[in-house]
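What follows is calculated from the coordinates using simple rules that are stated; it is not laboratory data. Note that the structure is a prediction, hence the values are computed from the model and not measured. Neighbour counts run over all protein chains shown; Cβ positions are idealised from the backbone, glycine included.
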Amino acid sequence: MNRRKKIITKFNQKDKRANAKLHKSNKPVYVSKAEREKRALEAEQAAVQEQLSAE
């Protein structure tokens, strides 16, 4: 019984790992506060340049 249980648990673990690779998380990648501020400044500068070039 013990040997059979070990074999079954080994296969179950293998299946679980395979399923985990198939189902990726939809969670967005973490962006630090400093990086968010940097991106906001870049977007703001790009918007200002677009307004200047449009005029």
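About its Cα centre, the dipole of the chain is roughly 1560 debye, where the only charges are +1 on Lys and Arg Cβ and -1 on Asp and Glu Cβ. Positive end of the dipole of the chain, charges at C-beta (+1 Lys, Arg; -1 Asp, Glu), about the Cα centre: which of 12, 26, 52 has its Cα farthest in that direction? The Cα lying farthest towards the positive end belongs to 12.
Note on residue 32 and residue 47: the model spin-label points, each 7 Å out from Cα along the C-beta direction, lie 2.5 nm apart. The HN-Hα couplings worked out from phi for the range 31-38 by the Karplus form 6.51 cos²θ - 1.76 cosθ + 1.60 (θ = phi - 60°) are 10, 5, 4, 5, 5, 5, 5, 4 Hz, whole numbers, x standing for Gly and Pro. Taking a straight line from the alpha carbon of residue 14, these lysines sit under 26 Å away, with near neighbours fewer than eight places off in the same chain left out: 5, 6, 24, 27. Translational diffusion of the chain, estimated by Stokes-Einstein from the Kirkwood radius over alpha carbon pairs at 20 °C in a medium of 1.002 mPa s, is 133 µm² per second.
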